[in-house]
1. Within region 24-45, how many residues turn out to be crowded, with 16+ Cβ neighbours inside 10 Å, part of a strand (DSSP E or B) and free of Cβ contacts under 8 Å to residues at least 60 places away in the same chain?
2. Identify all residues within region 68-97 that are over 23 Å from S35 (Cβ atoms) and touching a Lys or Arg at 6+ places or on another chain (Cβ under 8 Å); write none if there are none.
3. Just one of the numbered conditions (1) more than 24 Å from R129 (Cα to Cα); (2) within 12 Å of the chain's Cα centre (by Cα) is not true of Q71; which one?
4. I need the full set of residues from region 10-23 which are surrounded by fewer than 12 Cβ atoms within 10 Å (Cβ to Cβ) and either modelled with pLDDT of 90 or more or part of a loop (DSSP other than H, G, I, E, B) (or both), in order please.
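The values are calculated or read from the model by the stated rules, or taken from the named source; none is laboratory data. Nothing here was measured: the structure is a model prediction, and the numbers come from that model. Please note: Cβ atoms are built from the backbone with ideal geometry, for glycine as well, and neighbour counts cover all protein chains shown.
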Amino acid sequence: MPATGQQFSFLARSSEHAAGSLAPMLPLTLVGGRSVPALGLLDTGAAVNVLPYAIGVSLGFDWDQQSTVVQLSGNLAIAEARAVLVSAVVAGFAPVRLAFAWARVDTVPVILGQINFFLEFDVCFFRARQIFEIRPAQRP
């Protein structure tokens with residue numbers, strides 16, 4: 001397990017607007033009933049982690065078996081969502097449990113938000129250098 005932070009490059013989300021579409025996209029592996037590699041958008045403005053529908057299905061989740069309803073806001077306010085717990089492996093760090101609002105849409109990326117990605121990891125953004133660094137959160 002790395003004792004220090006790991007750096008990642010910002011990635012272009014659109015080939016047409018390369019420089020303007022750079023975003024902190026974190027490679028990670030999500031583990032439910034199956035393992036799925038993913039890129040998660042680090043979004044400090046998102047209250048919750050969001051999982052697109054197709055990725056939830058790939059992880060082995062059954063929509064009808066998820067009973068905890070989650071109300072999303074903003075652009076996703078019209079999307080139905082259910083709460084799911086997923087183990088996530090980020091870089092060489094120990095796996096963490098992440099709570100996701102599994103949205104019944106595929107028009108969004110995996111979103112890593114305040115609850116609970118940013119409770120598990122400290123993140124520093126260096127946008128001008130097009131990198132970000134993460135490390136496990138230091139608890140008092």
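1. Matching residues across region 24-45 total 1.
2. Selection gives T68, V69, V70, A79, E80.
3. With (1) more than 24 Å from R129 (Cα to Cα); (2) within 12 Å of the chain's Cα centre (by Cα) applied to Q71, the lone miss is (2).
4. S14, S15, E16, H17, A18, listed by residue number.
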